[in-house]
Amino acid sequence: MSTTTVQYDVLDGPSADRVIDSFKYAFTKGCTVEVEFTLTPRNTRLRGKLAQRKVTATVTGLQYESGSPGMFILWVNIQMPHHSQTLKGSFYNANQRKGVLEFDVPTHHVNRLLG
């Protein structure tokens, strides 16, 4: 199965504490902390097809970005309608609650939206 990288702008997201808690408990059986992001596609052709949406995710990887506190490189698992997406390492600023998330999406889903 081939994939296409799709970028989303984060319009609103979780606090730094919530991001850290989600990562802390991501692999604890029976106890996970989900975070919520409001996303919109960066690609203007996709933006016309997909409205902004709120999604829930679990932070599965976390790295501090060199800069001020609250800046992270994130990896999350997220469920969106019709397909499951695993996030590549992407930038998120918990202070401003904004960032850019990158997903590998099955190519046939992207082609269906753009076609």
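Find the residue count for region 52-88, including only residues that are part of a loop (DSSP other than H, G, I, E, B) and at pLDDT below 70.
Let us first name the residues in region 52-88 that are part of a loop (DSSP other than H, G, I, E, B), namely 52, 65-70, 81-82, 88.
Next, from what is left, pick out any that are at pLDDT below 70: 81-82.
Qualifying residue count, region 52-88: 2.
Quickly run through region 7-37 and pick out the residues that are among the polar types (S, T, N, Q) and crowded, with 16+ Cβ neighbours inside 10 Å.
Listed by number, the list holds a single entry, Ser22.
The values are calculated or read from the model by the stated rules, or taken from the named source; none is laboratory data. Since the model is a prediction, treat every value here as computed from it, not as a measurement. Virtual Cβ from ideal backbone geometry, glycine too; neighbours counted across all protein chains shown.
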